[in-house]
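As structure tokens, the structure follows; a few thoughts come after it.
The values are calculated or read from the model by the stated rules, or taken from the named source; none is laboratory data. None of the values given here were measured: they were computed from a predicted structure. Cβ placement follows ideal geometry from the backbone for every residue including glycine, while neighbour counts extend to all protein chains displayed.
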Amino acid sequence: MGKNGLLLIGKIVGVHGIRGTVKILSHAESWEIFKPGGTILSKHPSGQKTPYIIHKARPHKRVVLIDLEGITDRSTAQSLSGAEVYIEKKVLPPLEDGTYYWADLIGLAVITTTGRSLGRIQKILPTGSNDVLVVKNDNDEILIPMIEAVIIEIDLKHQCIQVNLPEGLT
């Protein structure tokens, strides 16, 4: 997430039909983040940023189909292909204690219980049973399972995560 309070939640990957419906490959856990009446901000690869109000959203295969106010034909919708889609973080629902949005974890320093720095979280991979942190430093990439036995502490205030690495990852 950027300093501007925006959260990247997807990318427009194409169009559906002739009435201007866009296909969004969503990074959100649920397609329901795209509520009718809500606002998204598209950022085109050219750098142009445009806010849009969501008229209608529905899941379709591996994407979310979204009708945006002001986009009523296929060619206009096609001009949005490749644009990243953002929402304001403040519209996200509050989390239960001990749960975090991935965007809050990306970029955090990862430190072992012995004080060794492993690098920073570059991304998080969903695997079904548990998520996996992709941690990079200058020389290596380490995959760390997000399970209770490994993740000792997440400290957003100090921007770090303490881990107890399993045998073989040390």
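Taking the condition of being basic (Lys, Arg) and touching a Lys or Arg at 6+ places or on another chain (Cβ under 9 Å), how many residues in region 93-122 meet it?
1
Could we say that Ala77 is of a type in the set (A, V, I, L, M), more than 23 Å from Val132 (Cα to Cα) and either surrounded by 17 or more Cβ atoms within 10 Å (Cβ to Cβ) or within 23 Å of the chain's Cα centre (by Cα) (or both) here?
Yes, satisfied.
Can you list the strands (runs of 3 or more DSSP E) found entirely within region 63-170 that contain at least 3 residues being closer than 25 Å to Lys43 by Cα?
Qualifying strands (runs of 3 or more DSSP E): 63-68, 84-88, 117-126.
So which pairs qualify, if the first residue must be in region 16-41 and assigned by TED's automatic domain parsing to the domain that holds Ala83, the second must be among the polar types (S, T, N, Q), the Cβ gap must be under 6 Å, and the two must be at least 6 apart or on different chains?
The qualifying pairs are Gly20/Thr72; Gly20/Thr76.
Results for (1) out of contact with any helix residue (DSSP H, G or I) (no Cβ under 8 Å at 6 or more places or on another chain); (2) closer than 22 Å to Pro94 by Cβ, shown as yes or no for each residue.
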| site | (1), (2) |
| --- | --- |
| Leu25 | yes, no |
| Glu29 | yes, yes |
| Gly38 | no, yes |
| Gln48 | yes, no |
| His60 | yes, no |
| Val64 | no, no |
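May I ask you to verify whether Ile53 is of a type in the set (A, V, I, L, M), surrounded by fewer than 15 Cβ atoms within 10 Å (Cβ to Cβ) and either assigned by TED's automatic domain parsing to the domain that holds Lys123 or in contact with a strand residue (DSSP E or B) (Cβ under 7 Å, 6 or more places away or on another chain) (or both)?
Yes.
Within region 32-43, does at least one residue satisfy the condition of being closer than 21 Å to Gly107 by Cα and surrounded by fewer than 18 Cβ atoms within 10 Å (Cβ to Cβ)?
No.
Could you tell me which numbered condition Gly119 fails, if it satisfies all but one of (1) in contact with a helix residue (DSSP H, G or I) (Cβ under 9 Å, 6 or more places away or on another chain); (2) without any contact (Cβ under 8 Å) to a residue 40 or more places away in the chain?
It fails just one condition, (1).
Got a sec? Which of Pro36, Pro93, Pro51 is of a type outside the set (D, E, K, R) and at pLDDT below 90?
Pro93
Scan region 107-123 for residues that are over 17 Å from Ile152 (Cα atoms) and surrounded by 15 or more Cβ atoms within 10 Å (Cβ to Cβ) and jot them down.
Within region 107-123, no residue meets the criteria.
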